[in-house]
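Read the structure below first, then the notes.
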Amino acid sequence: MDHQGTGSRQLRYRVMQVQNQRSLTSNRWVRLGISLGGVLAFFILWEGASRTGWLRPDVAPSFMDTAAELGSLLPQSDFQAAVRDTLSAWLFGFAVTAALAIPIGLLFGANPWAWKWFHSTFEAVRPIPPIVLLPLAILVMGSGRSFTTVMIGQGVFWIILLQVTYGSTVIAPVALDTATVFRVGPWRRYLIFRLPSAAPIIATGLRIAAGISLAVEIMSELIGGVPGVGQLLISAQAGNDLPLIYALTGFTGLLGLIVAILFRGLERFALKNHGPKGGAE
């Protein structure tokens, strides 16, 4: 009887798991359909407003004209080079910022005294928007990759730092007691206990910071004259080419969406053992 009861419970548990997984998959497709429907409705309204004259051509081109302009841009070598410049500068700046913020955040999470010493200084510097530092950064570093790296750092360093600091403090006390009993060294504590415990929150911070850092990169190109998509936007504005302006603006939004989707996918894959949704909320 005991064996039959245990097998029955295991079967019910497996059925519940399958049902929950199907429910999650179904809800995901429903949300995707709603999102795509909203985007499609926006494009239809845009095109309809242009064709009926509610949206003047000197204010905004039609959706079809904008899409055609974007389609003609994609095969052009100058445009492709600009996209490569933007993505390479963004990836470099984001990687450097994350490589600095994550270890410092883990240190502050493990050492409350260090956080108390530097907390007031960070709170004084953190609210400064990157655009305020832009003239000084151009004057000191010129309009190169070091300039965009500093801009990205000021824009997202604090986001990653605070997420990592908070994440490394939520470790279970029993894990730290276990490390003490087994005399685990400080570096192994970071790798074995603190980093895995903070991983979901760190991943969320990196996902948020990735999109913001891309926006900061394009802003730096717009104002600082750095080669990239932002510089193409400045040229289009100078020539008063509305379809090109709208096409480039739409492309930057699409680029941000792709980055968000990629980082969410990486987050789910890396944290698939941290809960049913992989920590990607």
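Quick notes
- log10 of Debye I(q)/I(0), alpha-carbon scatterers only, for segment 65-270 at 0.12, 0.13, 0.19 Å⁻¹: -0.70, -0.79, -1.28
- FRET efficiency, SER235 to LEU91 (Cβ-Cβ, R0 30 Å, nearest 0.05): 0.80
- Only Cα pairs under 8 Å and 6+ residues apart enter the sum, and on that basis the relative contact order of segment 65-270 stands at 30 percent.
- Calculated SAXS-style log₁₀ I(q)/I(0) at q = 0.16 Å⁻¹ - segment 193-246, Debye, Cα scatterers: -0.59
- FRET efficiency for LEU107 and VAL140, using Cβ-Cβ distance with R0 set to 35 Å, rounded to 0.05: 0.80
- Extending 7 Å from Cα along the Cβ direction at ALA68 and again at ARG126 yields two label points whose distance is 5.0 nm.
- Using R0 = 41 Å, the C-beta based FRET efficiency linking ILE34 and ARG183 works out to 0.15.
Readers should treat all values here as calculations from the given coordinates under stated rules, not as data from a laboratory. Please read these numbers as outputs of a predicted model, since none were measured by experiment. Here the Cβ is made from the backbone with ideal geometry for all residues, glycine too, and neighbour counts use every protein chain on show.
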